[in-house]
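What follows is one structure encoded as structure tokens, with my remarks underneath.
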Amino acid sequence: MDEQNTTTATRCWIEDSRVCLELDDQRVVSFPASKYPLLSNAPAEQLSKVEIQLNGRALRWEKLDEDILVADVLLGNFPKPKEPALA
């Protein structure tokens, strides 16, 4: 199993509209909340209500109905922006 699939989050917090993760190997990584449509427009109060789940392998925002895998963050697998509809 590669490192991205075995690395887990031990702590998560929001700082200046960035989601910050402390990993079990002591690294700290972050990404802009704007990478995820459901997080990008969320009020700070809702954004800060993140839970670590699946033994540190996932992040969950219950009120926003958003789940993010830690492995996706480490690999840079963010949702693709939606293409504008053609008229």
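Every read-out reported here was derived from the displayed coordinates using simple, explicitly stated rules and does not represent laboratory data. These numbers were taken from a predicted model, which means no experiment stands behind them. Counting neighbours? That spans all protein chains shown, and the Cβs are built from the backbone with ideal geometry, glycine included.
Partner aspartates and glutamates whose Cα lies under 19 Å from the Cα of Lys80, excluding those fewer than 8 positions away in the same chain, are identified as Asp65, Glu66, Asp67, Asp72.
For the chain, averaging the sequence separation of C-alpha pairs within contact (under 8 Å, six or more residues apart) and dividing by the residue count gives a relative contact order of 25 percent. Taking a sphere under 15 Å around the Cβ of Leu47 and counting the other residues whose Cβ falls inside, with K and R at +1 and D and E at -1, yields a net charge of -3. Each residue of segment 57-71 is assigned a 3J(HN,Hα), and the resulting list reads 8, 8, 10, 9, 10, 4, 5, 8, 6, 10, 10, 9, 7, 4, 4 Hz, derived from the Karplus form 6.51 cos²θ - 1.76 cosθ + 1.60 (θ = phi - 60°), x at Gly and Pro. With a simple spin-label model that places each label point 7 Å from the Cα along the Cα-to-Cβ direction, the separation between Leu54 and Arg11 comes to 2.3 nm. Across segment 24-37, coupling constants 3J(HN,Hα) worked out from phi with the 6.51/-1.76/1.60 Karplus curve, θ = phi - 60°, read 5, 9, 6, 6, 10, 10, 8, 8, x, 4, 5, 5, 10, x Hz, and Gly and Pro carry x. In this structure, the amide hydrogen of Val19, modeled 1.01 Å from its nitrogen in the peptide plane, lies closer than 5 angstrom to those of Phe31, Ala33, counting only residues at least 5 positions away or on a different chain. Adding -39500 (n - 2.57) for every DSSP H run of four residues or longer, then dividing by how many residues the chain holds, sets the calculated 222 nm ellipticity at -3500 deg cm²/dmol.
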